[in-house]
Amino acid sequence: MALAPALFLDRDGNLIEDHHHTCEVHQITPIPGAKAALEACLQAGYRLFILTNQSGINRGKFTWSQYHACNRRMLELLALPTPGILEIKAAPERPDEPSVYRKPSPQFIWEMIAKYQLDPARCWMIGDRITDWDAGKNAGIHSCAVRSGAGRPEDFAYAESQGFTIRADFPDFVRLDLGLKF
């Protein structure tokens with residue numbers, strides 16, 4: 001059986017607009033073109049996963065219930081065909097707290113590669129922050145830095161120094177790096 005390709009996606013600033021601790025359903029606005037890009041990826045056989053740091057939960061800025069409501073709204077707006085997003089993992093820990101899954105940890109990526117028989121050579125981590133890109137590097141997969149979120153100029157200088165792909169946004173990555181039309 002051939003191993004499948006996969007995309008590990010940051011949520012805020014990559015699939016939806018980033019509101020710094022996005023926690024209200026009315027804040028959920030997909031990045032323009034994200035839905036069509038995701039659909040093209042599904043049609044091309046990519047497995048889709050979301051890996052998101054959500055320290056606002058442990059900081060007391062919002063609750064798990066609010067986080068889950070935002071995810072439900074995002075999935076509703078994206079309305080992806082089956083199989084859609086296979087799994088979503090949120091790390092609620094602050095950067096100063098111990099965590100198994102908080103990016104740049106590769107743990108979730110490794111677990112999904114094993115569980116879904118994914119081909120690491122055809123897997124990408126896409127996001128707008130250094131922790132996203134380093135999670136991909138730490139897992140031994142490709143990383144793409146997108147400019148559609150909270151990244152600063154010095155972050156993209158780091159991405160360039162590491163040889164990470166840099167794109168305007170997720171749809172740009174899908175067109176240019178995966179070669180998919182939508």
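Taken together, the values in this text are just the output of simple stated rules run on the coordinates, not laboratory data. Being a predicted model, the structure only gives us computed values, none of them experimental. Using ideal geometry, Cβ is built from the backbone for each residue, glycine included, and neighbour counts are taken over all protein chains shown.
Couple of notes before you dig in:
- Options Glu111, Glu87; residue that is closer than 26 Å to Gly140 by Cβ, among the acidic types (Asp, Glu), surrounded by fewer than 19 Cβ atoms within 10 Å (Cβ to Cβ) and in contact with a strand residue (DSSP E or B) (Cβ under 6 Å, 6 or more places away or on another chain): Glu87
- Some residue of segment 51-72 being in contact with a strand residue (DSSP E or B) (Cβ under 8 Å, 6 or more places away or on another chain), surrounded by 13 or more Cβ atoms within 10 Å (Cβ to Cβ), over 24 Å from Ile130 (Cβ atoms) and not charged (D, E, K, R): no
- Some residue of segment 147-161 being in contact with a Ser or Thr (Cβ under 7 Å, 6 or more places away or on another chain) and either farther than 20 Å from Glu87 by Cα or surrounded by 15 or more Cβ atoms within 10 Å (Cβ to Cβ) (or both): no
- Subset of segment 17-70 [touching a residue at least 60 places away in the same chain (Cβ under 8 Å) and within 30 Å of Asp96 (Cα to Cα)]: Asp18, His20, Ile31, Phe49, Leu51, Asn53
- Residue within segment 166-182 that is part of a strand (DSSP E or B) and either of a type outside the set (Val, Ile, Thr) or surrounded by 16 or more Cβ atoms within 10 Å (Cβ to Cβ) (or both) present: yes
- Residue in segment 40-47 that is of a type in the set (D, E, K, R) and either surrounded by fewer than 16 Cβ atoms within 10 Å (Cβ to Cβ) or within 20 Å of Ala168 (Cα to Cα) (or both) present: no
- Within the option set Ser105, Ser161, Ser148, being out of contact with any Lys or Arg (no Cβ under 7 Å at 6 or more places or on another chain), in contact (Cβ under 8 Å) with a residue 40 or more places away in the chain and either closer than 18 Å to Leu38 by Cβ or not charged (D, E, K, R) (or both) holds for one residue only, Ser148.
- Residue that is surrounded by the most Cβ atoms within 10 Å (Cβ to Cβ), among those in segment 7-39 that are hydrophobic (A, V, I, L, M, F, W, C) and under 21 Å from Leu118 (Cα atoms): Phe8
- Boolean, Ile109 is under 29 Å from His26 (Cβ atoms) and within 13 Å of the chain's Cα centre (by Cα): no
- Filtering segment 1-18 to residues that are over 15 Å from Gly127 (Cα atoms) and in a loop (DSSP other than H, G, I, E, B) leaves Met1, Ala2, Leu3.
- Only residues that are over 16 Å from Arg11 (Cα atoms) and touching a strand residue (DSSP E or B) at 6+ places or on another chain (Cβ under 7 Å) were counted across segment 140-166, and they come to 9.
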